[in-house]
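Structure record follows, encoded as C-alpha cells.
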Amino acid sequence: MKLTSIRLIASDIQQSVRFYEEILGLTAQWFTPDFAELSTSSITLAIGSTRTMQMFSDSPTIFGSMAPIIIEFLVENVDHEYIRIKNSASKIIQEPTTMPWGNRSLLFCDPDGNMLNFFTPLSPEAIKKFGVETTN
C-alpha cells in the first residue's frame, strides 16, 4: 500500500487553490472547475469543491472544526518559510518553535481551517530520520 494523495474539500475552491499554490510554490493542475491537484515529489494534494461531495454522500461537509489532523510538509528552512507565508495563512497557530522531538515547527491554518505544519529537522536524530541536511 502506498499513500499517494490527500484530498481537501474547500468551501471556496478558487481561494483554497490560490492559497496552496502560494504557500507550496506550485501551480495547480485543474481537471474540472471543482477539482484541482498540486503534486510534490512525494505526494499529491487534491482539492475539491463542496459540490464533489455530492457524488459520495448527501451529508453536509463541516468546515473549520479544527479536526485533529495536521498536514505536514518537510521544508528546508522553517523560519524562512514563516516570513514568506505569514501574510497568506488564515491563522498562525504556532510561530516557528523547536519541538522536544527535534523538529522546528510552524503550525498554521488554510482558508477552511485545516491545520498545516511546515517543519525542519534540527536534532541529529530528526535529521537522520528524514535523511536530510538543513541550512538552519
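The values are calculated or read from the model by the stated rules, or taken from the named source; none is laboratory data. Since this is a predicted model, take the numbers as computed values, not measurements. Ideal geometry is used to build each Cβ from the backbone, glycine not excepted, and the neighbour counts take in all protein chains shown. For the accessible areas, the whole protein counts, side chains as well, though only heavy atoms, and no ligand, DNA or RNA atoms are used. Shrake-Rupley method; radii C 1.70, N 1.55, O 1.52, S 1.80 Å.
Restricting the search to the stretch 117-129, which residues are touching a Leu at 6+ places or on another chain (Cβ under 7 Å) and either among the hydrophobic types (A, V, I, L, M, F, W, C) or modelled with pLDDT of 95 or more (or both)?
Phe118, Phe119
Given (1) at pLDDT 95 or above; (2) surrounded by 13 or more Cβ atoms within 10 Å (Cβ to Cβ); (3) over 17 Å from the mean Cα position of the chain (by Cα), identify the lone condition not met by Thr61.
Failing condition for Thr61: (1).
Listed here are the residues, each with its yes/no results for (1) modelled with pLDDT under 95; (2) assigned to a strand (DSSP E or B); (3) outside the structural domain of Phe119 (by the TED database); (4) in contact with a helix residue (DSSP H, G or I) (Cβ under 6 Å, 6 or more places away or on another chain).
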{"site": "Tyr82", "(1), (2), (3), (4)": "no, no, no, no"}
{"site": "Ser88", "(1), (2), (3), (4)": "yes, no, no, yes"}
{"site": "Pro96", "(1), (2), (3), (4)": "no, yes, no, yes"}
{"site": "Pro100", "(1), (2), (3), (4)": "yes, no, no, no"}
{"site": "Arg104", "(1), (2), (3), (4)": "no, yes, no, yes"}
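Quick one: what pairs do we get from the stretch 1-23, first residue more than 8 Å from Ile47 (Cα to Cα), second assigned to a helix (DSSP H, G or I) and open to solvent by less than 80 Å² (accessible area, probe 1.4 Å), C-beta under 7 Å, 6+ apart or different chains?
Close Cβ pairs satisfying both conditions: Ser11/Thr50; Ile23/Ile85.
Go through the residues of the stretch 98-111 one by one and say whether even a single one is within 14 Å of Glu72 (Cβ to Cβ) and of a type in the set (Asp, Glu).
Within the stretch 98-111, one or more residues are within 14 Å of Glu72 (Cβ to Cβ) and of a type in the set (Asp, Glu).
Applying the selection to the stretch 85-136, what residues are more than 26 Å from Phe19 (Cα to Cα), open to solvent by less than 70 Å² (accessible area, probe 1.4 Å) and in contact (Cβ under 8 Å) with a residue 40 or more places away in the chain?
Val132, the sole residue that qualifies.
For the stretch 3-54, which positions are farther than 23 Å from Glu76 by Cα, of a type outside the set (S, T, N, Q) and assigned to a loop (DSSP other than H, G, I, E, B)?
Hits for the stretch 3-54 are Asp12, Pro33, Asp34.
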